[in-house]
Structures are given as C-alpha cells and as structure tokens.
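J.: Got a structure for you, written out below as structure tokens; questions coming shortly.
What follows is calculated from the coordinates using simple rules that are stated; it is not laboratory data. Keep in mind that what you see is a predicted model, and the values were worked out from it rather than measured. Don't worry about glycine lacking a Cβ; one is built from the backbone with ideal geometry, like all the others, and counts go over all protein chains shown.
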Amino acid sequence: MRWPTVLLGLLAVALAQDSSTESSESGTTTDGTVVSVTTPVAIPSGTYQEFSTTITLSDGDESVIASTTHYNGTRTASNQTAVTTTSDSLTLLVGGGGTTVIGNNSMNATATATGTATNTPVVNTRPCNNYPEFCTRKYSNITMVAAHNSPFVRKNSVAANQELDVTTQLNDGVRTLQFQTHYVNGTIYLCHTTCQLLNAGTLEEYLIDVNKWMRRNPYDVVTFIIGNFDYVSPENFTTPIYNSGLKDLIYTPTKVPMALNDWPTLSEMILKQKRAVFFMDYQANQTAHPWLMDQFSQVWETPFSPTDPAFPCTQQRPPGLSEADAKDRMYMANHNLNLQLNLGSLSMLIPNTALLDETNAVNGSGSLGEMAQECNKTWGRPPNFLLVDYYNYGDFNGSVFEVAAQMNNVTYDRNCCGKTSGALREVSVGGMSTVLLVAVGVQMLMSAF
C-alpha cells in the first residue's frame, strides 16, 4: 500500500506524541532489588510524590497537609509513619426486614433486634458493586475491571480503546474509569494523544453521564483514574468535576497516603454516600484538595502501555518502590495489549484488536486470567484494578468480569455485554488490520479539510 506524502505529513503531526521510543525507568523485583526496566514505549515523565509522614485528615477540603516531596527518578524506600485512628461505627447493609447488622469486615456479623444481640448469623442480600459479599470488604480488598481510556469510543478510529459508551460500561459491571485529559483554552477535554486525533468532548460532559448513572445506582462505588497528560494544576479539574453533579458523592480519604488497611468498607462509603473515588496520576495537590488523590502514593502500576503479550507482573510506576511499600498499597495491572504500527518513518501504538479474544480471556497464554493469577502469586494478593481495552470482547461475553470474580472469590452470573457490532474482528494483512490502516488514512485526510 502506498501512502500519499500529505497523509504521512498529517500522521506525523497528529501522532508524534504516540511515537514509540526506547525508554528506561527504575523499578524493583519482588525481593526489593532496584532494577532498570526497559520498555518499547516512552513512559510519562511527570514528578512523583513522596510523603515523609502519614497525615490524618478531617473531612472536606479544609485539611492541611505538610511534609510532601516531589522527585524524578529512583527512590529506594519511603518513610511512612503509621497514625492510629478510629473510624465511625456504621450499620452494614443487609437489605429487607428492617434488620440491622453490626460487624467489622466479616460476613458472619451478628443481627440485632431492638439493641439485643442474637447468635443468628445474617447473610447480606443487598449487593454492593454487584455482589453482597463486597459490602463488608474494604475498598482495597476488591478486584475491579477498569476500562482503559473509557471515553474513547468511536467506530473505525485507530485511537479508540472501547466500543461501548460509559453508561453501558457501568451497566455491564465496569467500576473503574480511566482516561486521558488535555487542557485546551482553559477547558479540560478528553482526547487521545491529541485532540485532532480523537476528541471525546469535555470532562464535564462525560462526568455528567456518570453522575446520572450513579444517582440511579446508589449502592455502587465508582473509581476515576485521571491521566493528566499536560501536567496542569489540579484546580483545572475541580470545576468540571463539581459542575458534573458529583461533588456531594466524592470520597475524601482519612489519611495521606492511604495504606491497604486504611480504606473503608464499601458499606461505609455507600451509607455515607461518599462513593466517587478520584485519583490523578501527576500534579495532584492533596494539601489543597485531599479528595483528588495522588495515584502513585496509593496505587502502583505494572508496565505502562504493554506490547509484551506475556504481561509480566512487575512494578514500574512509581519508580524505585520497595517491595514492602508495594505490598502495602493497591496496584493496577495494565493488560491492554498494544500493536507497534510502523508507516515509513512513523511509529505508533494502537490496541491489538486481533488478539482481544486471547488477551481478555480467562485462561491461556497472554490471557487476563493468567496474568491475574501470576500477580496473585507474585504479590500475595490479586490486582485491585484490571485495566483492559474493549472489555466486551474475550473468549466469551463477560470473560474479563469472570476473571475479576475469580480473584474476588465470588460467582459471576450477570449478563454481558451491551450491544456489540463485531467490527473489530478483521482479517489482518502483514500483522496489521486493514480496517485500522484505512481508518487512519480516512480520519487524518478528513481532518485536513
């Protein structure tokens, strides 16, 4: 296939930031040894935050935090001092009959009638995030399916990562929404790499749809992982988040940073109606906005933008994290397989849709299930977030949710997924989907006019 010179020029401008370059960043093995991790794609170069002490917060944005440092490069360990706090006593969700239950993370709680305890175990029947078993579990003790670049839904677009809109994603069981943002003329937009390539609208518009869904589903906790691509200040995010209607649902942590055992149960978050959890990868300022949490102080990640179908469960971001610290915070497994697409001198990463049936499968080489099992074995607990492209594809409908259910030791019995077109299943030529190649050409040529 011959590519017109004008098309190559347009591709070079619009996709330059997706170019794949050799880049290395320090990481650690599971024995705590600091190593150099080399990947085929440039890793974001924002600064990472480190808290020399654990700060106890009060509710709201009035809390003041000190002792925060920022760093680039390698660090060998963090010096975190635990602070003992007590949490509010809450009634757990059981649903029906007016029965209340008092307990502490155990499904074998004790039922009470007019304040008198009985010896009859009560089994919760009200689902929290689709499962009654989750109500008494800590937020940090649940594996969730995360939609990689959730807003980027566009037919035949090489920059798309999902096929179904965010409302359908949530209906199907996705409970973590990850996305990339860009700051354009004073507004936060949802754009993939550049807004010329794929612009999914404003952050506020996207979150309005999520807010509508959350109001209709009061027993669900939803997590947002914001990619601050342009490294702008967090004040640019507060207005669209507040204007979306989510302000009163925002969860504010009790400490900075939050270790595994610091997180509340889902029932606590739901009963308080503080069930919208926000993380931002770079430039978070929890001194000013404790609720907009610095991701890497609480959640580490496996290799970024993976092209290796083996999906090694090694810790990459933040760099230089010790084994002890990694085991005391949540982690996200990046399981969105990318394809290296080379067009002359151009090089970019696109979702490897040809292997979705294998990548999102429960079993087999390179599968989500195999990776989750390996992570569980390596780190002593499964990932908290399974970040996937096109979650509605797999070896069967709902395979990614089956993997999460296995990690959570629950039974997946829901219907999945929203309407699909089957358009991703294309014959590849020379390792590249002809539909994707045509989509690139058509999309970029149209953007020139």
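J.: Among 283-289, 354-360, how do they line up from the highest to the lowest mean number of other beta-carbon atoms within 10 Å?
T.: In decreasing order of mean packing, 283-289, 354-360 become 354-360, 283-289.
J.: Turning to a different aspect of this structure: Would you please classify the overall shape of the range 334-422 from the alpha carbon gyration tensor, given that a ≥ b ≥ c denote the square roots of the eigenvalues, rounded means a/c under 1.5, and beyond that prolate means a/b larger than b/c while oblate covers the rest?
T.: oblate
J.: For a distance above 21 Å, tell me the whole-number percent of Cα pairs in the range 265-365 that qualify.
T.: Looking at the range 265-365, the distances longer than 21 Å represent 55 percent of pairs.
J.: Next question, about the same structure. Among all the lysines, which ones have a C-alpha under 24 Å from LYS327's C-alpha, if same-chain residues fewer than 8 places away are not counted?
T.: Straight-distance partners of LYS327: LYS138, LYS255, LYS377.
J.: What list of ³J(HN,Hα) couplings, whole Hz, do you get for the range 249-266 from phi and the Karplus terms 6.51, -1.76, 1.60, once you set θ to phi - 60° and write x for glycine and proline?
T.: For the range 249-266, the Karplus-derived couplings read 9, 5, 8, 10, x, 7, 9, 9, x, 8, 7, 3, 7, 7, 6, x, 6, 4 Hz, x marking Gly and Pro.
J.: Take peptides 184-193, 168-177 and line them up by average Cβ neighbours within 10 Å, highest first, as a rough protection proxy.
T.: Ranked by mean Cβ neighbours within 10 Å, highest first: 168-177, 184-193.
J.: Here is a follow-up. So how much slack lies between TRP379 and THR167, counting 0.36 nm per residue of separation and subtracting their Cα-Cα distance, in nm?
T.: Length difference between fully extended and current span is 73.0 nm.
J.: Given H placed 1.01 Å from N in the peptide plane, which residues other than close sequence neighbours of ILE188 have an amide H under 5 Å from its amide H?
T.: Amide H neighbours of ILE188, under 5 Å, 5+ apart: LEU203.
J.: Along the Cα→Cβ direction, 7 angstrom out, place labels at SER233 and ALA324. What is the inter-label distance in nm?
T.: Once both label points are built, they end up 3.7 nm from each other.
J.: Applying 1/(1 + (r/R0)^6) with R0 = 45 Å to the Cβ-Cβ distance of TYR242 and SER365, what FRET efficiency is obtained, to the nearest 0.05?
T.: 0.50
J.: Among CYS195, CYS128, CYS313, which comes first, second and so on when ranked by fewest other beta-carbon atoms within 10 Å?
T.: CYS195, CYS313, CYS128
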